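The values are calculated or read from the model by the stated rules, or taken from the named source; none is laboratory data. Computed from a prediction, not measured in an experiment: that's the story for all the values here. Reconstructed Cβ throughout: ideal geometry from the backbone, glycine too, with neighbour counts over all protein chains shown.
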């Protein structure tokens, strides 16, 4: 008997402002290349489109993207538009602004506050939308974000953006942003082997703000992925549940709080099914403590 794939709804839901999303989402970065969004060979375009459509079939209604997610042959936003437009009513597309790349893909000087409208409009054009559901300001090392976040708040007031978030941020940035406009999410790098986010996790929980980790599966290995050995503890928990280590990493992330959302990305249809199924895994307290110790030893 063939079992039915697990739905993203198994992970539970969260409100991004007034937008309800399943806690397992999808990150579009990897669709543009096998390594990062600016290196590597992109997956077959038709397969990327199938993966996006399959994600929605599996209940994924939160997709993370950016106009600067592109390679020589692929644009994440264009793939999303081609695969999913006209968009389902419950689909939430979150994008990021701040970083800038030229047409050749080289990183350019990050956008000034007065240039953010152009980046927002480029996302609108590529996605074929008249407004953006969520826009995250991706910090690029600045201490103060008031001018940049203020510029996005003005675009929110103008109706181009529905909700705002911040990315690569510290707790003081969250406080600064909240003094300007409501914040619905914080998107930071976080994984089993990445320490140092406990304060931000608590700050978001206290304020009913979503915490959205990236690089949750690859962790400190980032795009090196399978080229680097996995922790013995992760292997042990994976064997106990009969699942992959990637699924255990995602399950651990989701156990960090009801406000934590996962956005794993893949161009592989089988990996997509596995990632979504991770939302149904329930880890024991002993397993969580074992996995927690990895990050503590790294700090």
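Conditions tested, residue by residue: (1) in contact with a strand residue (DSSP E or B) (Cβ under 8 Å, 6 or more places away or on another chain); (2) touching a residue at least 12 places away in the same chain (Cβ under 8 Å); (3) assigned to a helix (DSSP H, G or I); (4) on the phi > 0 side of the Ramachandran plot.
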position	(1), (2), (3), (4)
249	yes, yes, yes, no
256	yes, yes, no, no
267	no, yes, no, no
271	no, yes, yes, no
275	yes, yes, yes, no
283	no, yes, no, no
289	no, no, yes, no
TODO: Can you give me the number of residues within region 138-150 that are buried (at least 20 other Cβ atoms within 10 Å of the Cβ) and assigned to a loop (DSSP other than H, G, I, E, B)?
DONE: 2
Open item on the list: For region 104-117: of the residues being out of contact with any strand residue (DSSP E or B) (no Cβ under 9 Å at 6 or more places or on another chain) and not in a loop (DSSP other than H, G, I, E, B), which is nearest to residue 62 (Cα to Cα)?
Closed with: 117
Open item on the list: Which numbered condition in (1) within 27 Å of residue 32 (Cα to Cα); (2) surrounded by fewer than 24 Cβ atoms within 10 Å (Cβ to Cβ); (3) modelled with pLDDT of 95 or more is the only one that residue 248 fails?
Closed with: (2)
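How about region 126-137: which of its residues are over 21 Å from the mean Cα position of the chain (by Cα) and assigned to a helix (DSSP H, G or I)? First the steps, then the outcome.
Start the filter on region 126-137 by keeping residues that are over 21 Å from the mean Cα position of the chain (by Cα), which leaves 130.
Within region 126-137, no residue meets the criteria.
Return yes when residue 240 is part of a helix (DSSP H, G or I), more than 17 Å from the chain's Cα centre (by Cα), surrounded by fewer than 19 Cβ atoms within 10 Å (Cβ to Cβ) and at pLDDT below 95 and no when it is not.
Numbers: part of a helix (DSSP H, G or I): yes; more than 17 Å from the chain's Cα centre (by Cα): yes; surrounded by fewer than 19 Cβ atoms within 10 Å (Cβ to Cβ): yes; at pLDDT below 95: no.
Spelling it out, it is not the case that residue 240 is part of a helix (DSSP H, G or I), more than 17 Å from the chain's Cα centre (by Cα), surrounded by fewer than 19 Cβ atoms within 10 Å (Cβ to Cβ) and at pLDDT below 95.
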TODO: State whether one or more residues within region 35-49 are at pLDDT 95 or above and part of a loop (DSSP other than H, G, I, E, B).
DONE: no
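Going through region 69-86 one residue at a time, which ones are assigned to a loop (DSSP other than H, G, I, E, B) and either in contact (Cβ under 8 Å) with a residue 12 or more places away in the chain or at positive phi (or both)?
Going residue by residue through region 69-86, those that are assigned to a loop (DSSP other than H, G, I, E, B) are 69, 71-74, 85-86.
69, 71, 72, 73, 74, 85, listed by residue number.
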Task: Yes/no for residue 196 being surrounded by fewer than 21 Cβ atoms within 10 Å (Cβ to Cβ), over 19 Å from the mean Cα position of the chain (by Cα) and modelled with pLDDT under 95 - done: no
TODO: Taking residue 66 as the residue in question, decide whether it is within 18 Å of the chain's Cα centre (by Cα) and part of a loop (DSSP other than H, G, I, E, B).
DONE: yes
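Name the residues in region 137-148 that are in contact with a strand residue (DSSP E or B) (Cβ under 7 Å, 6 or more places away or on another chain) and farther than 10 Å from residue 169 by Cβ, would you? Show your work before the answer.
In the first step, residues of region 137-148 are kept if they are in contact with a strand residue (DSSP E or B) (Cβ under 7 Å, 6 or more places away or on another chain); the result is 137-139, 145, 148.
Selection gives 148 alone.
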TODO: Six or more apart or on different chains, Cβ under 6 Å: which pairs go from a residue in region 118-143 that's on the phi > 0 side of the Ramachandran plot to one that's not in a loop (DSSP other than H, G, I, E, B)? Could you list them?
DONE: 128/81
Task: Top-ranked residue in region 120-137 [being over 18 Å from residue 87 (Cα atoms) and touching a helix residue (DSSP H, G or I) at 6+ places or on another chain (Cβ under 8 Å); ranked as surrounded by the fewest Cβ atoms within 10 Å (Cβ to Cβ)] - done: 120
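Evaluate region 218-236: report whether one residue or more is closer than 22 Å to residue 65 by Cβ, surrounded by 18 or more Cβ atoms within 10 Å (Cβ to Cβ) and modelled with pLDDT of 95 or more.
Narrowing region 218-236 to residues closer than 22 Å to residue 65 by Cβ: 218-219, 222-223, 225.
Filter once more, keeping what is surrounded by 18 or more Cβ atoms within 10 Å (Cβ to Cβ): 218-219.
Those still in the list that are modelled with pLDDT of 95 or more too: none.
The answer is no; no qualifying residue exists.
Would you check which residues across region 151-203 are outside any loop (DSSP other than H, G, I, E, B), farther than 25 Å from residue 251 by Cβ and touching a helix residue (DSSP H, G or I) at 6+ places or on another chain (Cβ under 7 Å) and list them?
Applying the first criterion (outside any loop (DSSP other than H, G, I, E, B)) to region 151-203 yields 151-157, 161-167, 171-178, 185-187, 189, 191, 194, 198-203.
From the residues that got through so far, the ones that are farther than 25 Å from residue 251 by Cβ too are 151-157, 161-164, 166, 171-178.
Of everything in region 151-203, those that are outside any loop (DSSP other than H, G, I, E, B), farther than 25 Å from residue 251 by Cβ and touching a helix residue (DSSP H, G or I) at 6+ places or on another chain (Cβ under 7 Å) turn out to be 151, 152, 155, 161, 164, 166, 171, 174, 176, 177.
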